[in-house]
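Down below is the structure, laid out as structure tokens.
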Amino acid sequence: MKLLLKSAKIIDSENEFHNQHKDVLIENGIITKIESNITKERDFKEINLPNLHISRGWFDSSVCFGEPGYEERETIENGLNVAAKSGFTAVAVNPNTFPVADNNATISFIKSKGEGHATKLYPIGCLTKNAGGSDIAELYDMNNSGAIAFGDYNKPISNANILKIGLQYAQNFEGLIMSFPQNNAIAEHGLVNEEINSTRLGLRGIPALAEEIQIVRDLFLLEYTGGKLHIPTISTAKSVALIKEAKQKGLNVSCSVTAHHLTLTDDELENFDTNTKVLPPLRTKKDTKALLKGVKEGVIDCITSDHNPIDIEHKKVEFVNAKYGTIGLESLFGAVNSVLDLNTTIKCLTVNPKKIFNIGCTPIKIGEKADITLFNPQLEYTFTSEYICSTSKNAVFLNKKLKGKTYGIIKNNNCTI
């Protein structure tokens, strides 16, 4: 494969060509030239697109595919095709499958199903057996099989000693532990953020305290044990402040935020749209502002779609009975690019998360393998169902105005454009 990218604006703050328009020549998956003007040869495929921007390949640290067990929601094959169309050259896949990914055999199966695609799949293993919260899973064996982190997706570790043991044990192989920030004793059977809107709509609330008290506990444990802790999908202003303080103390903690928590509030609940039922719940405008500030200041390390396909039978029901989750790969960039500057957005999709999950971040440089996302950050559009490539259609951003559209990716000697 020989590709010639014409007049591509390179977005990479660590690159000598940052913010410059360059032609980029790729031969057999390797970048061979970066110049102001490269003459096209007969056997080259030229890519000349409106307002073409390129960056290092994007990585989403929290994606769910149904397979194995829930193929009706999303297969691995279709999920990786969706990720590629959405600009992601790599995704970390959560273990909420059936059976759950809590052993090396399941990790090996998931990883093998992801081979041969443009987008690379990295499995996340469960922290506890059967995601039950009682016994530590086979972390070392899963690590050897390719798991890049360990956590029970959207299930908090209520037993503090389990998390303590996990943090201590994983240090033997520099493993990353993930802890979902919610105290279920406080959240109980809540459905949405506990605030004015929950009271007005008659929906049982999940207070911000349920998230924050769990984070406090986890940070105390991390300070005691050492190790590496990642807190996924934080959603409150106080959570940002707590993690900022922990980082200032030198703790090895990182965190992520979803695109929908950066851009939407619990005002979206007005019509009882079950696509707005997500976990953590959508919070207030005050929280959204604090999250955006946290991203800009570097307190929040990475941005994720938290892509979670849910079949229609579990979304087209009464709000109280609907499952949590929204798809988000297709809309992530357009949503985040609407509220953050481009350099910050790209950093939170490339360098930051790849460093945390230790998967390597290939620069756009002569002699390196092409691991590139192509996009137009200025294109404005309304996100309608025609933009959804996922099998499930539970999109919280449906009919929202977005800014920025991806063209595709170049990775593993594949081009999806």
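The values are calculated or read from the model by the stated rules, or taken from the named source; none is laboratory data. Values in this document were obtained by computation on a predicted structure and should not be read as measured data. Here the Cβ positions follow ideal geometry from the backbone for every residue, glycine too, while neighbour counts run over all protein chains shown. These area figures cover heavy atoms from the full protein model, side chains too; ligands, DNA and RNA do not enter into them. Shrake-Rupley method; radii C 1.70, N 1.55, O 1.52, S 1.80 Å.
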**Item:** Selected residue (criterion: farthest from Asn154 (Cα to Cα)) from residues of the range 184-208 that are out of contact with any Ser or Thr (no Cβ under 9 Å at 6 or more places or on another chain) and in a helix (DSSP H, G or I)
**Value:** Arg200
**Message:** Looking at the range 24-42 only, could you name the residues that are within 11 Å of Leu3 (Cβ to Cβ) and of a type in the set (Asp, Glu)?
**Reply:** Glu27
**Prompt:** Does at least one position in the range 227-243 carry a residue that is of a type in the set (Val, Ile, Thr), surrounded by fewer than 21 Cβ atoms within 10 Å (Cβ to Cβ) and out of contact with any Leu (no Cβ under 8 Å at 6 or more places or on another chain)?
**Reply:** no
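Matching residues to (1) surrounded by 15 or more Cβ atoms within 10 Å (Cβ to Cβ); (2) closer than 25 Å to Lys347 by Cα; (3) out of contact with any His (no Cβ under 8 Å at 6 or more places or on another chain):
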| position | (1), (2), (3) |
| --- | --- |
| Ile10 | yes, yes, no |
| Glu27 | yes, no, yes |
| Arg42 | no, no, yes |
| Leu49 | yes, yes, yes |
| Arg56 | yes, yes, yes |
| Tyr70 | yes, no, yes |
**Prompt:** Can you name the residue in the range 139-193 that is closer than 27 Å to His307 by Cβ and of a type in the set (Phe, Trp, Tyr) and is also most open to solvent (accessible area, probe 1.4 Å) among such residues?
**Reply:** Tyr153
**Asked** Out of the range 197-254, which residues are in contact with a His (Cβ under 8 Å, 6 or more places away or on another chain), among the polar types (S, T, N, Q) and over 19 Å from Pro281 (Cα atoms)?
**Response** Ser254
**Message:** I'm checking my understanding of the structure. Among residues of the range 354-411 that are touching a strand residue (DSSP E or B) at 6+ places or on another chain (Cβ under 6 Å) and acidic (Asp, Glu), which one is surrounded by the fewest Cβ atoms within 10 Å (Cβ to Cβ)?
**Reply:** Glu380
**Request:** Among the residues of the range 252-274, write down those that are open to solvent by less than 60 Å² (accessible area, probe 1.4 Å) and touching a Gly at 6+ places or on another chain (Cβ under 9 Å).
**Result:** Cys255, Val257, Thr258, Ala259, His260
**Complete:** With the first residue restricted to the range 235-262 and required to be at pLDDT 95 or above, and the second required to be of a type in the set (Ser, Thr, Tyr) and part of a strand (DSSP E or B), Cβ contacts under 6 Å at 6 or more apart or on different chains are Ser256/Ser61; Ser256/Thr304; Thr258/Thr304
**Request:** Under 6 Å between Cβ atoms, at least 6 apart or on separate chains: pull out the pairs that start in the range 129-147 with a residue that is closer than 19 Å to Ala92 by Cβ and end on any residue that is open to solvent by 90 Å² or more (accessible area, probe 1.4 Å).
**Result:** Ala131/Lys155; Ala137/Lys129
**Prompt:** Restricting attention to the range 299-306, does a residue exist that is out of contact with any Cys (no Cβ under 9 Å at 6 or more places or on another chain), open to solvent by 50 Å² or more (accessible area, probe 1.4 Å) and in contact (Cβ under 8 Å) with a residue 12 or more places away in the chain?
**Reply:** no
**Message:** Suppose we filter the range 217-256 for residues that are assigned to a loop (DSSP other than H, G, I, E, B) and in contact with a strand residue (DSSP E or B) (Cβ under 6 Å, 6 or more places away or on another chain); how many remain?
**Reply:** 4
**Message:** If I ask for residues that are charged (D, E, K, R) and over 18 Å from Thr406 (Cβ atoms), which ones from the range 362-383 would you list?
**Reply:** Lys365, Glu368, Lys369
**Asked** Yes or no: Ile31 among the aliphatic types (A, V, I, L, M), modelled with pLDDT of 95 or more, open to solvent by less than 10 Å² (accessible area, probe 1.4 Å) and under 24 Å from Phe357 (Cα atoms)?
**Response** no
**Item:** Of all residues in the range 307-353 being of a type in the set (Lys, Arg) and without any contact (Cβ under 8 Å) to a residue 60 or more places away in the chain, the one that is least open to solvent (accessible area, probe 1.4 Å)
**Value:** Lys323
**Message:** Under 6 Å between Cβ atoms, which residue pairs at least 6 apart in sequence (or on different chains) link something in the range 174-186 that is touching a residue at least 60 places away in the same chain (Cβ under 8 Å) with a partner that is assigned to a helix (DSSP H, G or I) and surrounded by 21 or more Cβ atoms within 10 Å (Cβ to Cβ)?
**Reply:** Pro181/Glu211; Pro181/Gln214; Pro181/Ile215; Gln182/Ala210; Gln182/Glu211; Gln182/Gln214
**Request:** Would you point out the residue of the range 117-138, among those that are in contact with a strand residue (DSSP E or B) (Cβ under 9 Å, 6 or more places away or on another chain) and open to solvent by 60 Å² or more (accessible area, probe 1.4 Å), that is nearest to Gly79 (Cα to Cα)?
**Result:** Lys120
